[in-house]
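Heads up: the structure comes next, in C-alpha cells.
The values are calculated or read from the model by the stated rules, or taken from the named source; none is laboratory data. Being a predicted model, the structure only gives us computed values, none of them experimental. Heads up, the Cβs are rebuilt from the backbone with ideal geometry, glycines too, and the neighbour counts pull from every protein chain shown.
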Ligand code: NDP
Ligand code: 8X3
C-alpha cells in the first residue's frame, strides 16, 4: 500500500522539491504551507502522479495546526511519514542588534511550530506503533556562526528535539531522524533578508551550493530504507563548504 507523507513547508525550496520527488515515487501526499495558491498549483502539477491533499495553516497557531491535521479525510488521515521542514531564518544580526520580532518568528516557527505539528500527528503513530519522522535541522544546529545566534539556537533545539523524540518514541517502533543541510539555494536567504534579493543572491555566489533537489533525494533515500534501518542524524554540505564559515569561493 502507498504510504502517506505529510510535508510542512511544501510551497517552496526543500519541501517543494521533496513533494515533487515523492509524487513521482507514488507516495500519497499532504502538502502544507501558508500560501494556498502555491499549494493549489502544486496539487494541480502533481495530481497526475498521486493523490494530493493540501492544508493551509501557520505552524505558529496551534489551534490551526490541530484543526487542519484533524480535518484530513481518508486516504490522507493515516500519516505514515511526517517531514518537519517548515522554517526559515529571519535576519542576520549581532545579538545586541537583533530584532525581537525576528527572534519570536524563528523560535515560534522553527521550534514550537515543529512541536505543534508533531504533537498533532504523533498519537496515531503511537497507536499504530509505526511511523517515521524526519526533522529538517541544519548545519546551524551543529555549529554557531557570527550573527547566526537565534537561528542557530532554533536549529540546535531541533537537534535536541530530534534526539528526544527518538528516545521517547523508541518503544513505539517509530523512526526519528534529522537531515541537516548546509547551504541550499532556495528562498531561504530572500526570507532571511526580508525580500532583499540582491543580498540573498550573494549568499550563493562564487561556489556551488546544494540544490533543494539534492536534499529531496536524501529524504527519499532515508524514507525508503528497510524498516530496521533508521538514519538518525545526517549532515550534508556542498563540496565547496567545510563549515558554516569556511566556503571555497572562487
Ligand atoms: P524556503 O523559504 O524556500 O521554504 C520555507 C518553507 O517553510 C516554505 O514552504 C514556507 O511556506 C514554510 N513556512 C515558513 N514559515 C511558515 C509558517 N509560519 N507556517 C507554515 N509554513 C511556514 O526555505 P528552505 O526550503 O531552504 O527551508 C526549508 C527548511 O530547511 C527550513 O527548516 C530551513 O531552516 C532548513 N534549512 C535550509 C537551508 C538552506 O540553506 N536553504 C539549510 C539548512 C536547513 P509558506 O511561506 O507558504 O508558509
Ligand atoms: C541554513 C544554512 O548556514 O545559512 O540553515 O544557516 S545557514
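Here are some notes:
- Filter result for the condition that a residue is more than 15 Å from ligand 1 (Cβ to nearest atom), in contact (Cβ under 8 Å) with a residue 24 or more places away in the chain and farther than 29 Å from residue 68 by Cα, over 146, 209: 146
- Scan of segment 129-147 for residues that are out of contact with any helix residue (DSSP H, G or I) (no Cβ under 6 Å at 6 or more places or on another chain), within 12 Å of ligand 2 (Cβ to nearest atom) and in a loop (DSSP other than H, G, I, E, B), ordered by number: 142, 143, 145, 146, 147
- In this entry, residue 64 passes the filter for residues that are free of Cβ contacts under 8 Å to residues at least 12 places away in the same chain, within 25 Å of residue 158 (Cβ to Cβ) and part of a helix (DSSP H, G or I).
- Condition broken by residue 91, with the remaining ones in (1) in contact with a helix residue (DSSP H, G or I) (Cβ under 7 Å, 6 or more places away or on another chain); (2) more than 23 Å from residue 224 (Cβ to Cβ); (3) in a helix (DSSP H, G or I); (4) in contact (Cβ under 8 Å) with a residue 40 or more places away in the chain satisfied: (3)
- Qualifying residues in segment 124-137 (those that are crowded, with 21+ Cβ neighbours inside 10 Å and on the phi < 0 side of the Ramachandran plot) - the one farthest from ligand 1 (Cβ to nearest atom): 125
- Here is the figure for segment 150-174: residues that are in contact with a helix residue (DSSP H, G or I) (Cβ under 8 Å, 6 or more places away or on another chain) and either within 11 Å of ligand 2 (Cβ to nearest atom) or closer than 25 Å to residue 212 by Cβ (or both) total 12.
- Contact map, segment 218-230: residues that are farther than 16 Å from residue 136 by Cβ paired with residues that are modelled with pLDDT of 95 or more and part of a loop (DSSP other than H, G, I, E, B), Cβ distance under 8 Å, separation 6+ or inter-chain. Pairs shown: 224/25; 225/231.
- Candidate set: segment 81-104, residues that are surrounded by 20 or more Cβ atoms within 10 Å (Cβ to Cβ) and within 12 Å of ligand 1 (Cβ to nearest atom); chosen: the one nearest to residue 6 (Cα to Cα): 83
- Test: residue in segment 196-213 that is modelled with pLDDT of 95 or more, in contact with a strand residue (DSSP E or B) (Cβ under 9 Å, 6 or more places away or on another chain), more than 11 Å from ligand 2 (Cβ to nearest atom) and not in a loop (DSSP other than H, G, I, E, B): yes
- Looking across segment 48-61, the residues that are near ligand 1 (Cβ under 10 Å from one of its atoms) and in a loop (DSSP other than H, G, I, E, B) come down to 57, 58, 59, 60, 61.
- Residue 150 being within 26 Å of residue 93 (Cα to Cα) and under 19 Å from the mean Cα position of the chain (by Cα): yes
- Residues being in a loop (DSSP other than H, G, I, E, B) and exposed (fewer than 14 other Cβ atoms within 10 Å of the Cβ) - total across segment 34-47: 2
- If the condition is being in a strand (DSSP E or B) and in contact (Cβ under 8 Å) with a residue 40 or more places away in the chain, then segment 1-33 contributes 4, 5, 6, 7, 28, 30, 32, 33.
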